[in-house]
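The structure under discussion appears below in the form of structure tokens.
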Amino acid sequence: MKTIFKAAVVLFFCFLGPVSAQDKVQSGPMVGYSTMKEVLLWLQTTETAKVHFEYVEKGTSQPRFSTDTITTIKDQGFVAKAIADQVLPSKTYIYEVFVNGSKVKRDYAMEFKTQELWKWRKDPPEIEFAIGSCTYVNEPEMDRPGKGYGSEYEIFDAIHKKQPDFMVWLGDNMYLREPDWNSKTGIMHRYTHTRSLKEMQPLLASTHNYAIWDDHDFGPNDSDSSFWLKRTSAEIFKLFWGNPNYDVLDSGGITGSFEWGDIQFFLLDNRYYRTANRNFTTERQILGKEQIDWLINALTASHATFKFIVIGNQVVSTEAMHENYATFPVEQQYLLRRIRESRVEGVIFLDGDRHHTGLSKMKESKYVYPLYDLTCSSLTAGAAPSDEATNAYKLSETLVGQHNFGMLKVSGPWKDRVLTITINDKDGKKLWTKEIAASELKY
């Protein structure tokens with residue numbers, strides 16, 4: 001009888017084998033950066049486990065490739081970051097995830113694409129990417145009493161259905177609470193809690209993801225360079241996101257850049273070097289001269305048609321309130337002046353923070369092209385209408401005070417590229433659209 005019982009137990013656990021593999025996944029998989037020769041794949045497990053990914057070109061069965069096997073550990077949040085490095089340009093791949101040798105099953109697509117090899121061969125490809133900021137996921141035990149600040153998580157399904165090539169997260173991608181920001185354990189918990197949102201998983205699995213941070217995913221509200229755990233925060237940010245590079249200044253922050261087709265993104269860090277908002281006893285900065293010098297040098301080196309400067313707070317605005325750049329007017333004007341002096345063309349700012357969306361347009365004279373600043377917020381955090389009453393550059397018809405996200409499409413022949421901005425509500429319904437021709441952003 002004992003032998004029969006033991007056999008039954010063995011058979012029972014063998015049967016549960018694949019299920020236990022699912023249970024060991026905390027969040028993901030997520031697709032990170034893409035290049036022509038490699039792609040980053042990401043997964044978080046619930047405990048120490050061995051993770052690898054297998055992938056094959058879509059529409060074929062061979063050859064089948066595998067990443068290295070990564071052992072997840074507690075000190076690194078049980079995160080696995082693996083590189084698919086046996087890929088070719090201009091391809092789409094289907095991938096599978098294996099935890100301790102067992103395949104993880106999902107009921108949604110798990111795909112990634114490599115960037116297209118187009119230069120010297122044809123016009124650049126059509127590119128469409130999503131943007132958004134301010135993702136709050138409720139956790140009643142840790143939140144302030146009362147109604148939850150986060151809502152309408154179905155917005156991530158709406159973004160997923162648009163099938164963007166990639167998404168750029170514009171900061172406040174999760175919200176550290178009082179129990180979180182004083183310890184590595186707390187910060188890790190908040191990243192894990194937000195990343196585990198059910199509605200987010202299909203989007204993460206088949207859309208390439210890039211990110212910057214703002215105060216809420218860096219430290220306390222309105223935090224700055226004095227934040228005592230900023231190095232820990234940067235370490236965890238790099239664990240949970242899949243940018244191709246960080247800290248190009250070698251100074252500890254998250255500044256970086258990436259290209260996609262004929263466009264380039266300059267990912268700025270508006271927290272690591274920031275002077276406290278109420279500190280007027282010293283030279284005040286958000287980015288700092290070293291980061292601005294890098295930016296100008298990188299912009300002038302770039303041959304991109306559109307050059308997107310991605311930063312956590314509004315830049316082109318005269319509204320000196322909250323954490324707009326206008327509250328640091330000396331550095332704000334220094335940055336804008338340096339961009340003008342460089343004669344770099346095709347510059348557009350992308351930012352979040354404000355819990356509403358709006359487009360600003362600055363044109364000082366007929367001798368310069370307009371500098372646009374697209375603020376896109378909020379995804380799930382509390383949204384609030386604003387008329388940006390003191391922003392002289394606002395385009396009033398673009399102000400949106402509800403949960404929303406942006407879809408930006410770059411299309412047309414190389415010499416006549418056009419950026420089409422579409423802002424959508426939580427269900428993916430168009431709220432407004434605007435076209436900006438590359439020819440408009442020239443001297």
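The values are calculated or read from the model by the stated rules, or taken from the named source; none is laboratory data. Keep in mind it's a predicted model, so treat the numbers as computed, not measured. Note that we place each Cβ from the backbone using ideal geometry, even for glycine, and neighbour counts take in every protein chain shown. What goes into the accessible areas is simple: the full protein's heavy atoms, side chains included, and nothing from ligands, DNA or RNA. Shrake-Rupley method; radii C 1.70, N 1.55, O 1.52, S 1.80 Å.
Please identify, among GLY77, GLY171, GLY148, the residue showing maximal mean-square fluctuation in a Gaussian network model of the chain using a 10 angstrom Cα cutoff.
Maximum among the listed residues: GLY148.
Considering the dipole of the range 346-443 built from charges on the beta carbon (Lys and Arg +1, Asp and Glu -1) around the Cα centre, which of ASN391, TRP414, SER439 is farthest to its positive end?
TRP414
P(r) for the range 367-443: what percent of alpha-carbon pairs falls in each 10 Å bin, starting at zero?
17, 43, 31, 10, 0
Calculate, for the range 335-443, the solvent-accessible area per residue in square angstrom, rolling a 1.4 angstrom probe over the heavy atoms of the protein chains.
Here the residues of the range 335-443 average 40 Å² of exposed surface.
Show me, for the range 181-195, the HN-Hα J-couplings you get by feeding each phi into the Karplus relation (A = 6.51, B = -1.76, C = 1.60, θ = phi - 60°), rounded to Hz, glycine and proline as x.
7, 9, 8, 4, 4, x, 5, 4, 4, 5, 4, 5, 4, 5, 5
Karplus couplings for the range 154-171 from phi (6.51 cos²θ - 1.76 cosθ + 1.60, θ = phi - 60°), rounded to Hz, Gly and Pro as x?
The phi angles translate into 5, 4, 5, 5, 5, 5, 4, 5, 6, 6, x, 5, 7, 10, 10, 8, 9, x Hz.
Within the range 184-216, name every residue whose backbone N is under 17 Å away from a label modeled 7 Å from Cα of MET36 along the Cβ vector.
Within reach of a label on MET36: no residues.
Calculate one ³J(HN,Hα) per residue across the range 135-146 by plugging θ = phi - 60° into the Karplus curve 6.51 cos²θ - 1.76 cosθ + 1.60, and present them in order as whole Hz with x for glycine and proline.
My calculation for the range 135-146 gives 10, 10, 10, 5, 9, x, 5, 10, 7, 5, x, x Hz in order.
Using only Cα atoms, find the angle between the long axis of helix 329-342 and the longest principal axis of the chain, and express it within 0 to 90 degrees, rounded to the nearest 10.
On a 0 to 90 degree scale, this one is about 90.
So if each residue of separation counts as 0.36 nm, and I subtract the Cα-Cα distance between SER183 and LYS58, what length gain in nm does that give?
Length gained, SER183 through LYS58: 40.7 nm.
How much accessible area per residue does the range 90-157 have, in Å², with a 1.4 Å probe?
54
Residue separation times 0.36 nm, minus the C-alpha to C-alpha distance between GLU440 and LYS238: what's the value?
Extra length from GLU440 to LYS238 when fully extended: 69.1 nm.
Give, in nm to one decimal, the length gained when the segment between LYS429 and VAL330 is fully stretched (0.36 nm per residue of separation minus the Cα-Cα distance).
Length gained, LYS429 through VAL330: 31.7 nm.
In terms of modelled amide H atoms, which long-range or inter-chain residues lie less than 5 Å from the amide H of THR46?
For THR46, whose amide H was placed from the backbone, the distant partners under 5 Å are VAL25, GLN26.
Cross-link list LYS184/LYS307; LYS162/LYS426; LYS162/LYS415: which exceed 24 angstrom alpha carbon to alpha carbon?
Violating the 24 Å Cα-Cα cut-off are LYS184/LYS307; LYS162/LYS415.
If you project the alpha carbons of the chain onto their three principal axes, what span does each projection cover, largest first, in Å?
Answer, in whole Å and largest first: 91, 56, 42 Å.
Show which lysines lie in cross-link reach of LYS366 when reach means a straight Cα distance below 17 angstrom and same-chain residues fewer than eight apart are skipped.
Straight-line reach from LYS366, under 17 Å: LYS442.
Which of THR45, THR192, THR433 moves the most in a Gaussian network model of the chain with Cα springs under 10 Å?
Of the options given, THR433 has the highest mean-square fluctuation.
To the nearest 20 debye, what charge dipole does the chain have about its Cα centre, counting +1 at the Cβ of each Lys and Arg and -1 at the Cβ of each Asp and Glu?
The dipole magnitude comes to about 820 debye.
What does the accessible area per residue of the range 189-281 come to in Å², with a 1.4 Å probe and no ligands, DNA or RNA counted?
Computed with neighbouring chains in place, this is 31 Å² per residue.
Using r as the Cβ-Cβ distance of ILE94 and GLN402, and R0 as 30 Å, what FRET efficiency do you calculate, to the nearest 0.05?
It comes to 0.25.
Within the chain, what whole-number % of the accessible surface is contributed by carbon and sulfur, with the 1.4 Å probe and all protein chains included in the calculation?
Looking at the chain in its full context, I get 53 percent from C and S.
How large is the dipole of the range 163-217 about the Cα centre if only Lys and Arg carry +1 and Asp and Glu carry -1, each at its Cβ, rounded to the nearest 20 debye?
280
Have a look at LYS361, LYS113, LYS122 and tell me which one the Gaussian network model of the chain (Cα, springs below 10 Å) gives the largest fluctuation.
Of LYS361, LYS113, LYS122, the Gaussian network model singles out LYS122 as fluctuating most.
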